[in-house]
C-alpha cells in the first residue's frame, strides 16, 4: 500500500499487534527506501524508547496523549513541510 501511494508523513505507534512500530520503520527505511518523516506517537515514555525509535529511522518522538495544539505544531514544522509534494494535501496511511 505504501509503495503505490504518496504520503506526507507517518504517525507510528510503537506497540502494534502484528508488526511493531520499530520494525515497521526499519522496513519503510531499508526495504521500501522511503524517506518521508516517521513520527513515533506512543505511550512509551522511557528515554530508551525514544532512542530506539530514532535508531530505527524515525524522525521524531511524541508521547500520548498528544494535544491538538502539539499536533498542529508538529504538522507545521518545517521538516515536515519540506516533504510536501502534492497539491491534494496530506494523506493518511492508517491501519
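The values are calculated or read from the model by the stated rules, or taken from the named source; none is laboratory data. Quick caveat: nothing in here was measured; it's all calculated off a predicted structure. Virtual Cβ from ideal backbone geometry, glycine too; neighbours counted across all protein chains shown.
The residues of the stretch 24-53 that are under 19 Å from residue 70 (Cβ atoms) and surrounded by fewer than 15 Cβ atoms within 10 Å (Cβ to Cβ), listed by number, are 43, 45. Candidates 67, 79, 91: the one that is modelled with pLDDT under 85 and under 21 Å from residue 30 (Cα atoms) is 79. Within the stretch 15-23, one or more residues are buried (at least 17 other Cβ atoms within 10 Å of the Cβ) and modelled with pLDDT of 90 or more.
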